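One structure is given below, encoded as structure tokens.
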Amino acid sequence: MSAKKKYKKKPQGGVRPAAAPAQPRQQRVELSQEKSQLNIILPAVIAVITYIVYRYTVHNQFLDWDDWIYVQKDPFITSFSWYNIKMMLFHNITRNYFHPITMLSLAFNYHFSQLDPEGYYVTNILIHCANVVVIYFFTKLLLENMSQQYGYGNIPFIPWLAASSGFLLC
């Protein structure tokens with residue numbers, strides 16, 4: 001019997017492309033420092049823009065829509081007694097909607113600014129600024145994970161954007 005030599009198949013498609021040259025360590029460190037600086041600068045810029053947009057509301061008065069239900073006529077936000085906290089957390093005290101976190105926030109505002117609307121507006125602006133920073137990092141994390149799974153440029157954005165429209169209407 002003749003011994004047959006086994007040959008490896010040549011890769012199809014011709015010549016393999018050369019591997020990308022490795023980045024020097026110093027360049028990688030500089031890139032990571034730039035990324036960490038961007039992770040501080042971009043959320044700060046977005047928070048400042050949010051503040052600029054909402055800063056004119058600080059000197060407004062209470063509105064006639066529902067502020068009288070939630071702030072002006074609500075006896076439970078006037079003190080942080082255990083009974084009031086229990087009522088805010090577990091009961092629909094406004095007979096309108098059940099908002100336990102909102103009611104605790106309003107009680108916190110009432111504790112510091114009574115019925116002065118400026119304190120309530122400042123708190124809302126701070127909540128909006130914190131919220132845009134949280135959304136920035138959540139979106140960044142989501143897109144990084146999607147790019148690791150699908151690769152850059154192959155992220156299926158359309159279903160994600162379609163699903164997010166319901167979230168924006170909340």
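Read-outs throughout are calculated quantities, based only on the coordinates presented, and are distinct from any laboratory measurement. Everything quoted here is computed from the prediction, not taken from an experiment. Heads up, the Cβs are rebuilt from the backbone with ideal geometry, glycines too, and the neighbour counts pull from every protein chain shown.
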**Report entry** Neighbour-limited loop hits for chymotrypsin sites (Phe, Trp or Tyr not before Pro), segment 40-143 (at most 16 other Cβ within 10 Å; DSSP other than H, G, I, E, B)
**Finding:** Phe62, Trp65, Phe80, Tyr97, Phe98
Query raised in the report: So between Ser147 and Ile52, what do we pick up on full extension, going 0.36 nm a residue minus the alpha carbon distance?
Result: 30.9 nm
